[in-house]
1. Would you mind getting the accessible area per residue of the chain, heavy atoms of the protein chains only, 1.4 Å probe, in Å²?
2. Once the principal axes of the Cα atoms of the chain are found, what is the range along each, listed largest first in whole angstroms?
3. Could you work out the helix-only [θ] at 222 nm for the chain, with each DSSP H run of four or more residues adding -39,500 (n - 2.57) and the total divided by the number of residues, to the nearest 500 deg cm²/dmol?
4. Is there a quick way to get the dipole size of the stretch 1-97? I mean about its Cα centre, with the Cβ of Lys and Arg at +1 and of Asp and Glu at -1; what is the value in debye to the nearest 20?
5. At a 1.4 Å probe, what is the % contribution of carbon and sulfur to the accessible area of the stretch 23-129?
6. Give the residue from V9, W62, A88 lying farthest towards the positive end of the charge dipole for the chain; charges sit on Cβ (+1 for Lys and Arg, -1 for Asp and Glu) and the dipole is referred to the Cα centre.
Amino acid sequence: MSKGQPFSVRLDERTEKLIEAEARRTRRAKSAVVEAFTEETARTRRFPGIAFRGDDARRRAWVIGTGLEVWEIIHMLEDFGSPEALIADMPLTRAHVRLAMAYRDAYPDEVDASLADNRRPVTDVGILFPFIDVASA
């Protein structure tokens, strides 16, 4: 995605200290921290009911009230075949499923990457993470 035009912003002192601390902690430029905070906040406003969790390197969208990440709901939706079937069998509401679907439609690469990670063959898991005992099927 291309970047917009640069502009300047003045933050109140407390917010600037927070940005500086986060920049030091994550070893990123202050501008990168402000960009990440802004993007995440814009997404939560665009999709009320979505929040983010995880470390800085891999923040993930989840649906508030479910404990599930968006990709997990999409994965179950694919397995169940329809929103109706998913809602009938799982403790999810139509609003939860619609929200996950809308987020997936807006950010398909992000959701698809998480789905692909989850679908990684067991043999790859053993190679990538040799300290994990992989049970044979």
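The values are calculated or read from the model by the stated rules, or taken from the named source; none is laboratory data. Given the structure is predicted, the values throughout are model-derived calculations rather than measurements. Cβ coordinates were reconstructed from backbone atoms using ideal geometry, including for glycine residues, and neighbour counts include every protein chain displayed. Areas reflect the complete protein model, heavy atoms only, side chains present, ligands, DNA and RNA absent. Shrake-Rupley method; radii C 1.70, N 1.55, O 1.52, S 1.80 Å.
1. Details: 9810 Å² over 137 residues.
Accessible area per residue, the chain: 72 Å².
2. Principal-axis extents of the chain (Cα, largest first): 54, 40, 28 Å.
3. After summing the helix terms and dividing by the residues of the chain, the value is -18000 deg cm²/dmol.
4. Working: 17 positive and 16 negative charges, 121 e Å.
Approximately 580 debye in magnitude.
5. Working: 3600 of 6570 Å².
Carbon-and-sulfur percentage of accessible area, whole number: 55.
6. The residue sitting farthest along the positive end of the dipole is V9.
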